[in-house]
Amino acid sequence: MRREEIFETVREILAEVLNRPVEITPETRFEKDLEVDSLRAMEILAAVEDRFDITVPINVLNEIRTVGDLVKEIEKLMEGDHGHL
């Protein structure tokens, strides 16, 4: 799956979880721009893991600040690289 496809899927997930259309770029920040609290972050994470059939290691969650960070991490996990940002 290409990065653009991952980004589009993440955009769809965010719209579903946040229950509103969202305009995002790779630089969009979860906390400041989308006002995602810890509960919503866990909902987003669960949806990402389900949709992409991956497991995001808990230790990288604090490093994911932007949509672009999340897309890169998904890309790495889908390629089988279990390293993190």
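Which members of the range 12-29 meet the condition of being outside any loop (DSSP other than H, G, I, E, B) and free of Cβ contacts under 8 Å to residues at least 40 places away in the same chain?
Answer for the range 12-29, where residues must be outside any loop (DSSP other than H, G, I, E, B) and free of Cβ contacts under 8 Å to residues at least 40 places away in the same chain: E12, I13, A15, E16, V17, L18, R29.
With the requirement that a residue be among the hydrophobic types (A, V, I, L, M, F, W, C), more than 9 Å from the chain's Cα centre (by Cα) and either at pLDDT 90 or above or on the phi > 0 side of the Ramachandran plot (or both), what does the range 48-69 give you?
F52, I54, V56
Residue-wise test of (1) in contact with a helix residue (DSSP H, G or I) (Cβ under 8 Å, 6 or more places away or on another chain); (2) crowded, with 16+ Cβ neighbours inside 10 Å; (3) not in a helix (DSSP H, G or I).
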{"position": "F7", "(1), (2), (3)": "yes, yes, no"}
{"position": "D33", "(1), (2), (3)": "no, no, yes"}
{"position": "I44", "(1), (2), (3)": "yes, yes, no"}
{"position": "V48", "(1), (2), (3)": "yes, yes, no"}
{"position": "R51", "(1), (2), (3)": "yes, no, no"}
{"position": "N59", "(1), (2), (3)": "no, no, no"}
{"position": "D69", "(1), (2), (3)": "yes, yes, no"}
{"position": "I74", "(1), (2), (3)": "yes, yes, no"}
{"position": "L77", "(1), (2), (3)": "yes, yes, no"}
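So in the range 70-85, with the set limited to residues that are of a type in the set (A, V, I, L, M) and within 17 Å of E12 (Cβ to Cβ), which one is farthest from the chain's Cα centre (by Cα)?
The residue in question is M78.
The values are calculated or read from the model by the stated rules, or taken from the named source; none is laboratory data. Here the structure is a predicted model, which means the values were calculated and not measured. Ideal geometry is used to build each Cβ from the backbone, glycine not excepted, and the neighbour counts take in all protein chains shown.
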